[in-house]
Amino acid sequence: MLAPPATETLVVGCGNLLRGDDAVGPVLIRLLADRDLPAGVRLVDGGTAGMDVAFAMRGVPRVILVDASAVGVEPGTVHRVPGEHLVDLTPPEGNLHRFRWDQALGFAQWLLKDDYPDEITVWLVEGGSFEIGAPLSEPVQAAVARVADAIVAEVGAGAASRG
Amino acid sequence: MTTMDLNVSPLGQVEGDLDVRVTITDGVVTDAWTEAAMFRGFEIILRGKDPQAGLIMTPRICGICGGSHLYKACYALDTAWGTHVPPNATRVRNLGQITETLQSVPRYFYAIMGPDLTAAQYAGAPSYAEAARRFAPYVGTSYQKGVTLSQLPVEVYAIFGGQWPHSSFMIPGGVMCAPTLSDITRSHAILDHWAREWLEGDWLGCSVDRYLEIRTWDDFLAWCDENESQHNSDLAFFTRYAQEIGLDTYGAGYGNFLATGTFLNPELYTNPTVDGRNAALMSRAGIYAGGEYFDFDHMRVTEDITHSFFRGTGSLHPWEGVTDPIDPEEGRKQGKYTWAKSPRYDVPGKGYVPLEVGPLARQVMADRPGAEAHQDYDPFVADMIAKAGVNVMTRVLARMHEEAKYFRYAKQWLAEIDLHDDFYTKPAEPRSGKGFGATEAARGALADWIVIEDGKIANYQVITPTAWNIGPRDGSENHGPMEQAFIGAPVENPDFPVELAQVAHSFDSCLVCTVHAYDGKTGRQLAQFTMGGG
């Protein structure tokens, strides 16, 4: 009774709508909500509640995380990274407001144990401006549409191959 | 004075960082300055937007208290527009607010206080090994259960609100949801499971009903040793251990409090007005200063910017509030030192007394005589601080005490929901008006003030609990409440002043604290560390 409904693929968009290009994750979730997705795909606007990303992944075989990055490359650049390369094992301490999804992955390995997802993919969209109150910048606006198409293709293919 | 470093906040958060500067003389903190290192511009973003923008934007201010932001933003509009809110909608809104707090508090205790309690400095305490067995991050027996089960209350939030965090399901005139009987029974089952496994199981070691028979500090101490199960509970253990490591001896602050109150009575607030709010509250609003109680009147709230990086000096009511940032370099020349404004309340006959907000404040108001039948009357915490003082331990105990009370409220509202009645009344949308909405986030008083002109937001101000607590000195050079609470704290090891972490964490503030400690005699910097080791 307490278990969430069966989810094959969970897409989590992380970031803050109030901080310019950091909104890319939540914006992507809104784009995907308007698309025709296979049953078994669940969309979550993870916002800035880092620890809850871990709870949302419980028992889901495949997780796709989307967030903004600020690694210093051209804004709008998209990276697709296997989750295992990004796990941060630092325990959550001091202040839960600073809890990020990379810590959430480490936290989830402890929390979920056998219920930890088999496959985690992280899409990172390089931001140009993180100014408070600004909309998505043009290159990021274009990139988020590309990422949405790519994810639709991925989850669509996933559902078909599982029959 | 030594130059300060500004921290860069981690991407994705808007809360910003908090620098705490303390002077230590002969092993005791003698002065303190709290500096919020980031500018927050929500008020500027909201100006000129659709009146309902606050419902979408303010829950994004915080990844922890989004439901609280939504609750008060909604009431700000309800009062500005003069809506009708069906009793069912108030029950669901109350459930949203309360489940978020039920989730937040155990996470706070195990993930924030837990690591402090197992700090190496305390290795000499008689119960240290037991503290480590229970509270060590990840491996502690209580840590595991408390953190793992903390998700359950917000599953109830998600049943009504669609998702947690960042839902916007509370709207002027009600809530956007149509619960079914199975939603209600599922919510009961989730909360019962959580209470059985954690609240009653690990935390109290007895039923909620038994625990809530406690009315005094003596009752509480007797309860701790009443039987083996209660003696071994996390609550009784924490209380013993806190005294071993001296958490009952520092962190006092002013002992003056403000609560904006929360949980509107569903039947008594169907036509929300600012003036009718105090009487309709279940968890009461109020001021306690210099040993006297005063009614809460939002018109007496101002924000002082004398020491904040905003143009000018002095205080304005939030409806008139101005957010006009200046270059911090310029500001420093004028004696300004923080991005936080300093909220103050004009207490009748006493003036602008700094007031602490949070669980102690709420529970001190709960002891005020004259509660109506629908209002919470509870003398326990007020008696506790009369006997044991205001300190780190009692601030934590007050917060934890509310879990049992709130569980009972949550169950009551779930049981009262009438599935055949309305959850929403479509409001008129007048093109002008002024509104005030408030609640109590887990960390304390949270309120919005809105001014609507020509169908657009003309002014919007948010005062958060962290602003009340960590605000700077005001125009009369009174310390902010948390600044004051640091003063007098002992610091045994200046290289790792765990005592300062304990004080800061006892407020459960929304900012990541970096502490800079200075020697009071030489001005030499003794240590700089970020609480929580990040």
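The values are calculated or read from the model by the stated rules, or taken from the named source; none is laboratory data. Fair warning: this is a prediction, and the values are worked out from it, not measured in the lab. Glycine also receives a Cβ, built like all others from the backbone with ideal geometry; neighbour counts cover every protein chain displayed. What goes into the accessible areas is simple: the full protein's heavy atoms, side chains included, and nothing from ligands, DNA or RNA. Shrake-Rupley method; radii C 1.70, N 1.55, O 1.52, S 1.80 Å.
Modelled spin-label separation between B:Asp192 and B:Thr148, with each label point placed 7 Å from Cα along the Cα-to-Cβ direction: 2.2 nm.
How high is the FRET efficiency from B:Asp26 to B:Thr141, r the C-beta distance, R0 45 Å, rounded to 0.05?
On the way: r = 40 Å, r/R0 = 0.88.
With R0 = 45 Å, the Cβ-Cβ based efficiency is 0.70.
Across segment B:66-76, computed HN-Hα scalar couplings (Karplus, 6.51 cos²θ - 1.76 cosθ + 1.60, θ = phi - 60°) run x, x, 5, 4, 5, 4, 6, 4, 5, 5, 4 Hz from first to last residue, x flagging Gly and Pro. Length gained on full extension, B:Lys456 to B:Glu329, computed as 0.36 nm times the residue gap minus the Cα-Cα distance: 42.3 nm. Modelled label positions at B:Lys434 and B:Asp275, each set 7 Å beyond Cα in the direction of Cβ, lie 1.3 nm from each other.
A straight line joining the Cα centroids of segment B:273-332 and segment B:399-468 runs 18 Å. Each of A:Asn16, A:Ala33, A:Ala68 was placed along the dipole of segment A:3-88 (beta-carbon charges, centred on the mean Cα), and the one lying farthest toward the positive end is A:Ala33. Using alpha-carbon pairs under 8 Å, 6+ residues apart, how would you state the relative contact order of chain B in percent? For chain B, the relative contact order is 25 percent.
Extension gain, B:Glu292-B:Asp421: 0.36 nm per intervening residue step, less the Cα-Cα distance, totals 42.2 nm.
Phi angles of segment B:280-296 translate, via the Karplus equation with coefficients 6.51, -1.76, 1.60 and θ = phi - 60°, into HN-Hα couplings of 8, 6, 8, 9, 6, 8, x, 10, 10, 9, x, x, 10, 9, 9, 5, 7 Hz per residue; Gly and Pro are given as x. Across the protein chains, with a 1.4 Å probe defining accessible surface, the residues A:Leu31, A:Leu136, B:Leu500 rank A:Leu31, A:Leu136, B:Leu500 from largest area downward. For the pair B:Asp519 and B:Lys350, a Förster radius of 56 Å applied to the C-beta separation gives a FRET efficiency near 0.95, rounded to the nearest 0.05. In this simple spin-label model, placing a label point 7 Å from the Cα along the Cα-to-Cβ direction at both B:Ala386 and A:Ala142 gives a separation of 7.1 nm. A cut-off of 5 Å between modelled amide H atoms, ignoring neighbours fewer than 5 places along the same chain, links B:Gly475 with B:Thr306. Quick one: grab the alpha carbon gyration tensor of chain A, order the square roots of its eigenvalues as a ≥ b ≥ c, and give me rounded if a/c is under 1.5, else prolate or oblate depending on whether a/b is larger than b/c. Oblate shape, in that a/c is at least 1.5 and b/c is the bigger or equal ratio.
Take each residue of peptide A:49-55, count the partner chain Cβ atoms within 10 Å of its Cβ, and average: the result is 6.
Using only the C-alpha atoms of chain B, find the volume of their convex hull and express it per residue in Å³.
Values: hull volume 71.8 nm³, N = 534.
Enclosed volume per residue, from the Cα hull, is 135 Å³.
Let me spell out the model: positive unit charges on the Cβ of Lys and Arg, negative unit charges on the Cβ of Asp and Glu, origin at the Cα centre of segment B:74-185. What dipole size does that give, in debye rounded to 20? Mind dumping the intermediate values first?
Values: 6 positive and 6 negative charges, 37 e Å.
Here segment B:74-185 has a charge dipole of around 180 debye.
When you count the other C-beta atoms within 10 angstrom of each residue and take the mean per peptide, A:43-51, B:169-177, A:82-90, B:428-436 line up highest first as A:43-51, B:169-177, B:428-436, A:82-90. The mean number of partner chain beta-carbon atoms within 10 angstrom of a residue's beta-carbon across peptide B:240-247 is 0. Quick one: Cα centre-to-centre distance for segment B:162-230 and segment A:21-95, in angstrom? Comparing the Cα centres of segment B:162-230 and segment A:21-95, I get a distance of 31 Å. Working note: Karplus 6.51/-1.76/1.60 with θ = phi - 60° gives segment A:77-91 the couplings 5, 10, 10, 10, 10, x, x, 5, 7, 10, 5, 10, 8, 4, x Hz, where Gly and Pro are set to x. Residues whose amide H lies under 5 Å from that of B:Ser168, counting only those 5 or more places away or on a different chain, are absent; hydrogens are built 1.01 Å from N in the peptide plane. Please report the antiparallel percentage of the DSSP beta bridges confined to the protein assembly as shown, to the nearest 5. Roughly 65 percent of the beta bridges in the protein assembly as shown run antiparallel, per DSSP. Shape verdict for the protein assembly as shown, please, from the Cα gyration tensor: rounded (a/c under 1.5), prolate (a/b greater than b/c) or oblate. Note, shape of the protein assembly as shown comes out rounded.
Taking a ≥ b ≥ c as the square roots of the eigenvalues of the alpha carbon gyration tensor, segment B:396-480 is oblate, as a/c is not under 1.5 and a/b does not beat b/c.
If you take the alpha carbon atoms of segment B:145-243 and fit the smallest convex hull around them, that volume is 152 Å³ per residue. Across segment B:133-226, the mean sequence separation of Cα contacts (distance under 8 Å, 6 or more residues apart), normalised by length, yields a relative contact order of 19 percent.
Over segment B:87-184, all Cα pairs binned in 5 Å intervals from 0 give whole-percent P(r) values of 3, 13, 19, 16, 12, 10, 9, 8, 6, 4, 2, 0, listed from short to long.
Applying 1/(1 + (r/R0)^6) with R0 = 56 Å to the Cβ-Cβ distance of B:Glu244 and A:His79 gives a FRET efficiency near 0.65. The relative contact order of chain A comes to 32 percent, based on Cα pairs under 8 Å that sit 6 or more residues apart.
What whole number of Å gives the distance from the Cα centroid of segment B:478-525 to the Cα centroid of segment B:359-388? Spelled out, the Cα-based centre of one part sits 29 Å from the other.
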